[in-house]
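Participant: Have a look at this one.
Here, each number is a calculation from the coordinates, and none is a lab measurement. Small disclaimer: the values here were computed from a predicted structure and weren't measured. Cβ placement follows ideal geometry from the backbone for every residue including glycine, while neighbour counts extend to all protein chains displayed.
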Amino acid sequence: MKGRGMTAKHLFVLFFVTSLCVCHSFAEEQKSENMACIDMVKAGFRPIDDNRQTRFLGKVASDTALCRGGEKATAFRYTPWVDWSNYWASGDSASLKEGEEAITILGEHLKPNGRGIDGSLMDLEYQRVELIKFNLFDNYTYEEFIKGRSGKDGSTIKQWDAMRLDATSPYYDQVGGAGIQLCGGELIRYRTLTGICNDLINPKMGSTGTDFARNVDFESTFPRLGKTEVARNRHSDAEHGMRIDLLTPDPQLISRKLFTRRQSADNGCNDGMGASDPSSSAECDYLKAPFFNVLAAFWIQFMTHDWFSHLQEGRNARGYTDVGCKSEEAQALGCRPEDQIEPSLFDQTSEPGRFQHNNKQYLNRAFKTTQNTVTAWWDASQIYGYDDISLQRVLRDPEDNAKLAMPSGYLPLLASCSESTLGDCPVQPQWQGQEAAAFPDNWNIGLSFYHNLFVREHNYFVDQFRALQGSSPDADSGLRNPSAPEKVITYQQVTDEELYQAARLVVSAMIAKIHTIEWTTQLLYNDPMYRAMNSNWFGLFNLEEGSRVSAAIRKITQNDENFFSRASDWLAGLFGGSDKAETANSWYSVFASGAGIFGLQNTRPEGMLWWEKDAWDITNPEHVNGGVNHFGSPFNFPEEFTSVYRLHPLVPDLIEMRDYHSANEIGDKVAVLDTVRAGATAQMRRYGLENWALAMGRQRLGVLHLQNHPRFLQNLPMPHLDTPSQKIDVVALDIIRDRERGVPRFNEFRRQIGLKTLTSFDDFVDRRLDPGSPARMAQEQVVNDIRSIYGTHTCDASKVISDVQLNDDGSPINDCHGAPDGSVVDNIEDVDLAVGWLAEYTRPHGFAISETQFHIFIINASRRLFSDRFFTSSYRPEFYSSLGYDWVMNNGPLSECPYELETSNDGIQQCNEPRQSNGHTIAVSPLKRLLMRNVPELREELMPVVNVFDPWARDRGEYYSLEWTPRKGAELDPAFRP
């Protein structure tokens, strides 16, 4: 039986809805929609495909579109963009079908608005399941993934010899040496420095120095090398030959023509550097997103420093190479021919091996591979370190070794190195004068803010734990040592190192929670995504359960989840152990959505009723490790993930400073460039953490579109590089890095990840806009600029350009993209990935990113939780402590809730916002709580804030409004002036 790609909740509901549909319970709707729903149900659910070429592309049948979104959903089915964004209730209040509000739980799914939301979630789950099925390409184990092992399907394999620790590891003997390797003892209690032993039976997985994976097939990588026939067909023609190369089209021309922010005359922007006097009236124009703030822009950089890096101590390969700017057109736009960069570092560069399976030939890895030089886990390694050198930059408090050093409430500075110790110095010359951090590269005021904030949180947790050591020294701390599992560790027995490591677990989990349910739900600001991201964490069945409040899964108490949630947890565990691919992966993903990934399988219930108990055992590796699922492919971030997180347009050139005593006034305009590297130290101490939070919290960030990149990043000083200009254009650098590391160009990238192909540059224009409207005309001009750079060619219909997707009629996609043979067509296949996704003007409501970026996000956002035992089966007091476990559950101490606590139907106290937002009753957000306790000066400013990443002075309005209007008390804020 094939798996069905949807959440368990929707399976149960929709089977019931089927009978009601056939009985004509939609009498109040127009007959066309009524009949469309009946025909949709009669057709049944789409099976998970076994063929990549015919997979689900986010496009549904006309009956399905009509049932879920009415005429609007059917009107845009011809475009290459996903259909769910046009369903009922997937946007703002205009997407709601008036007069069709549900009054019962069943009605929530029968009525148009419910059908739209349910349909969106089903489409998203189909895509997640098929991404897991078709888009996992590990550079170590791919042959086993395809061939399987000992009769087991490759996608169900859970242990790999390639993930054993090498004999050079200092822990080689400790995990079993040349025999069976199994992590235990101290190696499983905490997050280890290099990330080993997160998975007990795959010690090396996700650790520092392992190769990035891929989310596209290996044959599609490095298209500029022309290694395959389809790559040559895509990117060459009779007149021009091979049209793409490392510097073709010119990266600096692309930067200056397609990425540069247009400026008003005489506004004082000065190429993003502003005025020498920050109190001046200088302005730098940029396209602003009304629903996302500058805190969100720097948050994602704070995250990426934890997840991935290609650099070795801030440097790439030695030597320098040119970066373009060779044409008169490019130079006339202001680029620099003398710019040079260090080439990328690579790990494996030899020709990859090949293998045969079922009469098909495969590569066993990409043509070249790169190393992730930090851990791949969500372990706050940017704070706590990822190797021995970075650990030297992590400074502990000399008066309390469980704390991190923070004299006078701010991070200390990195120590300078004497000339005699430069060889082993953990501080590169460009980092001198910066605040101490394990990952100090690309430092700026946003990173300074978050590092200071979360070190404060670490120390705050330690203080709370110390208070319990004083008040209840003999009480059970919850911690356990697997070497002595029966021994209760009391609060007074907890060592400094045990407390430090527990605090790290808590901080890491809080960061992951903030990112999942707070940052991402504002990045993707609509109701389907609010539900989807919360289901990743809590589970769909636990959202607003009982008293209609958002309850976390309090699994240790065993009386907190509803029936469906507990059933889904059990089923996910059952299916996760299957040897059948559809069961182990597709159904596992479905039922994990019902129960929630966080805390999955962290209990082992035995018995029934009064005799039920939790048999989870810290000495049993299957219990400690049992909640993880890697879907047959060892976890690491893919190269493509690093590419779609190039989000520089989010950052403004100037930050509008404020003082929390008079929050409605804008003071100095501080250039972000003045806060880079050591500049952040002076600026942080000049204005203070609380005022930087306020400034970034109220200011809107930039829209992720073309012609909206910070100008200062096109002229970034690099004094530590021995190059003629000692500057780089970061935009051009981003283009080159994708080309160097073999990321496919935009159109093939979309096909690889299950999105519909574009046929011309004109497809980028948002067809929902009225012809002749200013917004549409502006998009059409950008399309003309794209065409002027990438060009056109005379097509050859005999050339097949992709083997992973077919045309709608089942024929191969050829060089003419549906035009007659010999036609002049756009070079849509040559568009660089970043150019393409920034040109995606057609996006779901409230999406700060494009749908192409989002697809890479879908698979990796889930996998980094699924694969990490500290977020699944090892999320327990034995590792986190009882205080730490509750801390993550409740977003900190419940006693510090800024509002009166509410009590759920099962008697559980919860800290909730006093008013609903977007139709949901929600908990006070984790970052809001964290800011209130660590930056108490902001308490009153934060009281009306629901999501810390929504501009703090904005009125959220009704149902996912994007309007830029002030909330009560912020009417005088000059940011709201026309």
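Participant: Say each of residue 768 and residue 238 gets a label point 7 Å from the Cα, pointing the same way as Cα to Cβ; how far apart are those two points in nm?
Facilitator: For the pair residue 768/residue 238, the computed spacing is 4.3 nm.
Participant: Taking R0 as 41 Å, what FRET efficiency do you get between residue 32 and residue 904 from their Cβ-Cβ distance, rounded to the nearest 0.05?
Facilitator: 0.45
Participant: In what sequence, highest mean first, do 616-627, 965-976 appear when ranked by Cβ atoms within 10 angstrom?
Facilitator: Per-residue Cβ counts within 10 Å, averaged per peptide and sorted highest first, yield 616-627, 965-976.
Participant: I've got another one for you. To make sure I understand the rule: partners must be aspartates and glutamates, Cα under 13 Å from the Cα of residue 133, and not fewer than 8 residues away in the same chain. Which ones qualify?
Facilitator: 49, 50, 125, 153, 217, 582
Participant: A further question on this structure: What list do you get for 427, 824, 507 if you sort them by fewest beta carbons within 10 Å?
Facilitator: If I rank by nearby Cβ atoms, fewest first, I get 824, 427, 507.
Participant: Which loop-located trypsin sites (Lys or Arg not before Pro) does the range 54-89 contain, where loop means any DSSP state but H, G, I, E or B and the Cβ has at most 11 other Cβ atoms within 10 Å?
Facilitator: none
Participant: Also: Just rank 902, 497, fewest to most, by other beta-carbon atoms within 10 angstrom.
Facilitator: The most exposed by this proxy come first: 497, 902.
Participant: Checking the table 42/111; 147/360; 152/227 against a 21 Å threshold on Cα-Cα, which pairs fail?
Facilitator: Too far apart for the 21 Å limit: 152/227.
Participant: So, in Å, what gap is there between the alpha-carbon centers of the range 734-789 and the range 310-347?
Facilitator: If you average the Cα positions of each part, the centres end up 25 Å apart.
Participant: Using helices alone, what [θ] at 222 nm do you get for the chain, with -39,500 (n - 2.57) per DSSP H run of 4 or more residues, divided over all residues and rounded to the nearest 500?
Facilitator: So the helix-based figure for the chain works out to -9500 deg cm²/dmol.
Participant: Another question, if that's okay. Counting other Cβ atoms within 10 Å, keep those with at most 14, restrict to DSSP loop, and tell me which GluC sites (Glu not before Pro) in the range 69-163 are left.
Facilitator: Here the GluC sites (Glu not before Pro) that fit, given the DSSP loop and packing criteria, are 98, 101.
Participant: Oh, and also: Pull up the cross-link candidates among the lysines for residue 513, meaning alpha carbon to alpha carbon under 19 Å and not fewer than 8 places away within one chain.
Facilitator: 555, 928
Participant: Something else: Can you put 310, 630 in order, fewest other beta carbons within 10 Å first?
Facilitator: The fewest-first ordering by Cβ neighbours comes to 310, 630.
Participant: If you take the beta carbon distance between residue 280 and residue 484 as r and set R0 to 56 Å, what does 1/(1 + (r/R0)^6) give as a FRET efficiency, to the nearest 0.05?
Facilitator: 0.30
Participant: Still on this structure, please answer the following. From Cα pairs below 8 angstrom and at least 6 apart in sequence, can you work out the relative contact order of the chain, rounded to a whole percent?
Facilitator: 18
Participant: Does the range 717-819 come out rounded, prolate or oblate by the C-alpha gyration tensor, with a ≥ b ≥ c the root eigenvalues, rounded set by a/c under 1.5 and, if not, prolate when a/b is larger than b/c and oblate if not?
Facilitator: In terms of gyration-tensor shape, oblate.
Participant: 5 Å is the cut-off here: which amide hydrogens, built 1.01 Å from N in the peptide plane, fall below it relative to residue 397, excluding neighbours closer than 5 in sequence?
Facilitator: Those lying under 5 Å, H to H, from residue 397 are 403, 404, 405.
Participant: Between residue 661 and residue 61, what is the label-to-label distance in nm when each label sits 7 Å out along the Cα-to-Cβ direction?
Facilitator: 6.8
Participant: Looking at the range 172-248, which GluC sites (Glu not before Pro) are DSSP coil and have at most 10 other C-beta atoms within 10 Å of their C-beta?
Facilitator: Qualifying residues, ordered by number: 239.
Participant: Among the lysines, which have Cα under 18 Å from the Cα of residue 59 when same-chain residues fewer than 8 positions away are ignored?
Facilitator: Excluding near neighbours in sequence, the set is 72, 756.
Participant: What would the Debye equation give as log₁₀ I(q)/I(0) for the chain at q = 0.05, 0.09, 0.10 Å⁻¹, counting only Cα atoms as equal point scatterers?
Facilitator: The Cα Debye sum returns log10 ratios of -0.28, -1.01, -1.30.
Participant: Say R0 is 25 Å: what FRET efficiency, to the nearest 0.05, do residue 972 and residue 288 get from their beta-carbon distance?
Facilitator: The value I calculate is 0.85.
Participant: For residue 372, enumerate residues with amide H under 5 Å from its amide H, sequence gap 5+ or separate chain, H modeled in the peptide plane.
Facilitator: 209, 210, 211, 212
Participant: Amide H to amide H, which residues 5 or more places from residue 671 or on other chains are under 5 Å from it, using H placed in the peptide plane?
Facilitator: Amide H neighbours of residue 671: 655.
Participant: What shape does the range 890-976 have by the C-alpha gyration tensor, where a ≥ b ≥ c are the square roots of the eigenvalues, rounded means a/c under 1.5, and otherwise prolate means a/b greater than b/c and oblate the rest?
Facilitator: It is oblate, given that a/c is not under 1.5 and a/b is not larger than b/c.
Participant: Now for a separate question. Could you work out how far the C-alpha centroid of the range 125-141 sits from that of the range 432-485, in angstrom?
Facilitator: For the range 125-141 versus the range 432-485, the Cα centre distance is 35 Å.
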